[in-house]
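Take a look at the structure set out below.
Readers should treat all values here as calculations from the given coordinates under stated rules, not as data from a laboratory. Just so you know, these numbers come straight off a predicted model, no measurement behind them. As a convention, Cβ positions derive from the backbone with ideal geometry for all residues, glycine included, and neighbour counts pool all protein chains shown.
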């Protein structure tokens, strides 16, 4: 595995691989790797010739009151995981390497952001789109692998790739969960023992909603109400949002039909957790 810290060296290496017709699979992360990231790496390893992992805690996607300074970091541990998973290139740039000067062009996401996390985190997905535009031009990947735990991010990246005509295939990968159903997240370490126990209600409530839909419920309002009741009855977390939308368009709907997402976010004292399920009502019994 080769560790690269500069944009110029990374671009040079990737151009050489392109000349030899090697396919490049890319897993962009903010580090503190867990099983979810490992699944992405393994899928990239199985499907492409060259696997690139980036670790960069992107300041542009954190709001003024968010946890940039507290975001967990452990590069030595991440490096060992990358070695074990047979990553070919680990791109680990500094803030000044990625943002050497004030930008003259800004990437602004205009669709799929006024709901879910985008509603309470203005500018967040502009930051995501900006850093990914940079990373796509640095790594030159053929495929990019992203987890469905953040399904809104997947939807935004789908639009970014399509609108800017990046020659990249987006590969969504199912959410990796703990044995009790809690979605794997770098922020889970910030939960207290009691909060960790309560947090299992997030996935429990999504499964309950899926069962209601499978039995014929088609009202988004009913689904949201039932999820809210269950979370409030089993958790002291503060509900940020519960939404039922079309997917990947992320539009409000009156009746559940076709491909939909049920997504939620719950705030605990030191961690904000998100989860979702994506269903196709046409495929339900």
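Only helical runs count toward this figure. For the chain, summing -39,500 (n - 2.57) over DSSP H runs of n ≥ 4 and dividing by all residues gives -11500 deg cm²/dmol at 222 nm.
Among 145, 241, what is the fewest-to-most ranking by other Cβ atoms within 10 Å? Each step should come with its number before you reach the end.
Details: 145 26, 241 15.
With the fewest neighbours first, 145, 241 line up as 241, 145.
As a rough footprinting exposure proxy, the listed residues 270, 34, 165 were ranked by other beta carbons within 10 Å of their own, and the order from fewest upward is 165, 270, 34. Seen from every direction in turn and averaged, the convex hull around the alpha carbons of segment 186-277 projects onto 5.8 nm². What separates the Cα centres of segment 77-127 and segment 248-285 is a distance of 23 Å. Between residue 35 and residue 208, the simple label model (points 7 Å from Cα in the Cβ direction) yields a spacing of 2.4 nm.
Pop the C-beta distance of residue 252 and residue 86 into the FRET formula with R0 = 51 Å and round what comes out to the nearest 0.05. Display every interim value, and only then the final one.
On the way: r = 44 Å, r/R0 = 0.85.
Efficiency for this residue pair is about 0.70.
What order do you get for 40-52, 243-255 when each peptide is scored by the mean count of other beta carbon atoms within 10 Å, highest first? Spell out each step's value before the answer.
Details: 40-52: 20.5, 243-255: 16.4.
Result, highest mean first: 40-52, 243-255.
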